[in-house]
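Input: a single structure, listed below in structure tokens.
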Amino acid sequence: MNEKINEQYKDLSQDLFTRRKTAKLSDMKLATKPIGSFKDAMIRFRKNKSSVAAAIIILILLLYALFIPLLSPYDVSFRDGYYKMLLPKCEALSFLGWDGCKVQNETQAGYDYLSSIGYEENNSAVKEVREVYTDPNKGTIYYKLYVDSYEKVGFTYVDLTETEYLALQDYQNQNNIQIIYPLPAVYKNDYVAVSNAANLWYELADETKNTQGASKWHDEEGNPIFVANYHTSSNEHRAKYDSLRIEGDDGGADGETWYTYAAKNQSGYRCRVLYREYYHYKNGFYPNHLLGTNQHGQDIFACLGYAARLSFLLAISVSVINFFIGIIYGSIEGYYGGAVDLILERISDILASIPFIVVATLFQMHLAKDVGPLVSLLFAFVLTGWIGIAHRVRTQFYRFKNQEYILAARTLGASDKRLIFRHILPNSLGTIITSTVLIIPGVIFSESMLSYLGIISLETSGLTSIGTMLANGQAYLSTFPHIIAVPAVFISLLEISFNLFGNGLRDAFNPSLRGADE
Amino acid sequence: MGKYVLKRLILMIFTFLIITTICFVLIKLLPLPAVKQMGRDVNLILARREALGYNKPIMVQYKLYWEHLLQGDMGLGEQMYAGKEVMDVFFTKLPYSVIVNLYSILVAIPLGLIFGIYAALRKNQWQDHFVSTMVMLFISVPSYVWAFLVQYFLCFKTGWFSLTVASRETTEFFSWTMFTSMLPAVISLAVYTVAGLTRFTRAELAEVLTGDYLLLARTKGLTKTQAVVRHALRNAMVPILPMILSEFIGILGGSLIIESIFGIPGVGSLFVQSVNLRDYNFFMADTVFYTLIGLLSGLVTDLSYGFIDPRIKMGAR
């Protein structure tokens, strides 16, 4: 039969055939692009406005965590002993009240003290007197002041060595900035009403009374007139000083005494410096803390960047590791079933029953010394974190492994590995990805809780975390709420966005919702 | 049914044994902290250590540990509450945790149910969307942030509540003074429970409401309220009640972070203290307790399905 046909077609001439010159198909093109399941999910995800917004917020927070630690002049180890608990200040937006100032009630002495700061250079710490009221019973005057928390620091005493002292003087001469100011005369008593005695450079009303820091001179409106009360000495060379002199220091009023610019002590000189300029001299920039500083003088804006970076790094590595462990463990359980499943399921049951806080604590106690608190925390998260994913994968396997297409693939000789990774797992990838993403907010929350409670201590390793920042702010909740508000707002925003994002992903990956809500 | 319960119980005990053994071994591997020099307590603690076989092989210690544990003896406080029985201290702390959580759950359950039912009945209307948005907000924002907000606005700004919890000496646990002094903590704890319960109730009830039998109930002449209360709610309660039950057991565990923020002297703060001061006897006691609570709440939740709804057969594959 075949031979006959072959015989028939033996003498076909070449002309009957044409050779195709191009690879072009003349089939009709598909009217639309083919849509895979992932693309389909993305299309549906994009329709969910709140999830898209959440994704954008997460992206912004991620960029913040990535770039702020690189760009900010401050870091976690930057601590300033004087610029503590400063209020948020943004020069460009100061008209919105974002100016580092705050309303403060003061007595006459307090008002004098605050307005004396920066008096010499016309840059007072008191930006505005809001209200003046008198106690009807005692006749005491109280002021409601608008005080700049940055300028409030004013002058401080610093101890310098001889070389440092001379270098500072050189700097003064080159830049024409006065940093070192004359020492005030020493008083008989310490003044309880004020915190920083270096700011008491003016004549006081009554030196014998402890609680009074008030100026001796006031005009009719009650505004103080400051009369300098500098320490004077007849010895011009008591401490070498070859820089700008402030007005009046021309050898003293009687032409013989000089202001004292430094007091010699064992290690060098003790000087009174204008701290803002001294800070600029030391660090190369003026203090400007967008979100203020905490009680250690750390910049909150930068610290938040470092803390967020740490949280993201930890959470993302935990979720990636758990993703792989969960998939492998769940696949083995679900695919093989039977005794293997039973044993593995018991193991994961037991692991899941250990309270997480206990696991985290035990890991800290055992490993923190060797591998650091962060790595041991990572181990704690990895020990039990994959169970949820493994469970999901296992369920999916039970659903799909007995379906006909698997049987067909097996008949064609597909190996176990191929069946698991090519045929069954991709079905459940959507739910697995969703639960992997949802691990991230959980990890960030647990980490912040543990470091807040002090169960893990990161500060000794020069790190900071959201929890540490919260713990820092806790004691100042009533007085300086911005310290705690910043990390609290950050983590709330993060958790809300991740939950919205996760919900959006879950809906997008759920094909049964296709076409619904439209 | 009985067989299933027994199986679950045995499994639970088995799990409990394994976990405590692991914790025991891990703690024994840590260097033993020196006893603080505090008068006569030192000798007492050393004598107790001797009785617990601290210088004997670990297997002997393990045996002795269980012998003591079964008699309700967890050793003495060494770094904190030095010389006091761990169990005694523990049981003076436990009521605080239980009470604050009990109050919060009693506040939360009716609110959660009401909001959930309301949202389900107004499904896909603005009321439902509003409730769902609020639930999202309340579930996502961490509990400690609510605690800070409560503390700042209700304690500092308005001064409505005191910051400290009323002492046991001046008032009873179930008294108005105690309740109001605990209210900030109760609110912070309840926020999450209310949100969770609302979401769960809404989802369950909304699903039940689409059932055909509800249509039938309306057709045979029941009013909407009658149909919802008699038919829909009863069915929706099947998964809701076990959840509430497990919450009730979970309250024993307390809340570490809320307790430490509001300074409630409960088991949670005891745990944090024991970790920070490295007192392993207290740590072990708390671990045993937390594990037991976790296991029990899981067990009760599973079993309660069978009791609540006779249609569900326990242990059926």
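Across the accessible surface of chain B, with the other protein chains kept in place and a 1.4 Å probe, carbon and sulfur atoms take up 66 percent.
In this structure B:M74 has an accessible area near 10 Å², from a 1.4 Å probe over the protein heavy atoms. Taking all protein chains as shown and a probe of 1.4 angstrom, A:D507 keeps an accessible surface of around 60 Å². With all protein chains kept in place, the per residue accessible area of the protein assembly as shown amounts to 52 square angstrom at a probe of 1.4 angstrom.
Counting only protein chain heavy atoms and rolling a 1.4 Å probe, the accessible areas of B:T198, B:T164, B:T223, A:T18 rank, largest first, as A:T18, B:T164, B:T223, B:T198. In region B:278-294, comparing the full protein assembly with the chain on its own, the residues that lose 50 Å² or more of accessible surface at a 1.4 Å probe are B:F283. Within the shell defined by Cβ-Cβ distances under 12 Å, the residues around A:R392 carry a net charge of +2, with Lys and Arg each +1 and Asp and Glu each -1.
Using a probe of 1.4 angstrom, how much of the accessible area of chain A is carbon and sulfur, in percent? C and S fraction of accessible area: 57 percent. Against chain A, whose longest principal axis is taken from its Cα atoms, helix A:482-509 shows a tilt of about 10°.
Per 5 Å bin from zero, what fraction in whole % of the C-alpha pairs of region B:145-199 is there, up to the bin with the longest pair? In order of increasing distance, the bins hold 4, 20, 24, 20, 17, 11, 3, 1 percent.
Peptide B:133-143 is shielded by partner chain Cβ atoms: per residue, an average of 4 of them sit within 10 Å of its Cβ. Rounded to the nearest 20 debye, the dipole magnitude of region A:79-175 is 560 debye, with +1 charges on Lys and Arg beta carbons, -1 on Asp and Glu beta carbons, and the Cα centre as origin. Over 27 Å between Cα atoms: which of A:K152/A:K282; A:K84/A:K144; A:K29/A:K401 fall into that group? Violating the 27 Å Cα-Cα cut-off are A:K29/A:K401.
Rounded to the nearest 100, the interface formed by chains B and A buries 3100 square angstrom of accessible surface, both chains summed, with a 1.4 Å probe. Dipole magnitude for the protein assembly as shown: about 5100 debye, using +1 per Lys or Arg Cβ and -1 per Asp or Glu Cβ, origin at the Cα centre. Interface burial in region A:357-378 reaches 40 Å² or more for A:I357, A:V358, A:L362, A:M365, A:H366, comparing the full protein assembly with the chain by itself; accessible area from heavy atoms with a 1.4 Å probe. Accessible surface comparison of A:M85, B:M59, probe 1.4 Å, protein chains only, largest first: the order is B:M59, A:M85. Can you tell me the 0 to 90 degree angle between the C-alpha axis of helix B:176-209 and the longest principal axis of chain B, rounded to 10? Helix B:176-209 sits at roughly 50 degrees to that axis. Scattering from region A:1-93 was approximated by placing one identical point on each alpha carbon and applying the Debye formula without solvent; log10 I(q)/I(0) at 0.26 1/Å stands at -1.30.
Set against the 2.2 N^0.38 Å expectation for a compact globular protein, region B:2-70 has a Cα radius of gyration ratio of 1.50. Using the charge dipole of chain A (Lys, Arg: +1 at Cβ; Asp, Glu: -1 at Cβ; taken about the Cα centre), state which of A:I327, A:L407, A:I357 has its Cα farthest towards the positive end. Comparing the listed Cα positions along the dipole, A:L407 ranks first. Positive-end ranking of B:P31, B:L9, B:T20 along the dipole of region B:2-70, with charges on Cβ about the Cα centre, is headed by B:L9. Length, then width, then depth: along the principal axes, the Cα atoms of chain B run 80, 57, 31 Å.
Taking the longest Cα principal axis of chain B as reference, the axis of helix B:126-140 is set at about 10 degrees. Over region A:417-518, the alpha carbon radius of gyration divided by the compact-protein estimate 2.2 N^0.38 Å works out to 1.53.
Within the assembled protein chains, the solvent-accessible surface assigned to B:S260 is about 50 Å², based on a 1.4 Å probe. Grab the DSSP H runs of chain A that are 4 residues or longer, score each as -39,500 (n - 2.57), total them, divide by all residues and round the 222 nm result to the nearest 500 deg cm²/dmol. Taken over chain A, the calculation gives -15500 deg cm²/dmol. For chain A, the calculated P(r), taken from all Cα-Cα distances in 10 Å bins from zero up to the bin holding the longest distance, is 3, 13, 17, 16, 13, 11, 9, 7, 5, 2, 1, 1, 1, 0 percent.
Based on DSSP H segments of at least four residues, each scored -39500 (n - 2.57), chain B has a per-residue ellipticity at 222 nm of -23000 deg cm²/dmol. A Gaussian network model of chain B, with springs between Cα atoms under 10 Å, assigns the largest mean-square fluctuation among B:L197, B:L113, B:L30 to B:L30.
Against the criterion of solvent-accessible heavy-atom surface with a 1.4 angstrom probe, A:M42, B:M178 sort, most first, into A:M42, B:M178. Interface residues of region A:480-505, defined as those losing at least 40 Å² of solvent-accessible heavy-atom surface relative to the isolated chain (probe radius 1.4 Å), are listed as A:S492, A:I496, A:N499.
The values are calculated or read from the model by the stated rules, or taken from the named source; none is laboratory data. Because the structure is predicted, anything quoted here is derived from the model rather than measured. Every residue, glycine among them, receives a Cβ derived from its backbone with ideal geometry; neighbour counts consider all protein chains shown. These accessible areas exclude ligands, DNA and RNA; they are computed on the full protein's heavy atoms, side chains included. Shrake-Rupley method; radii C 1.70, N 1.55, O 1.52, S 1.80 Å.
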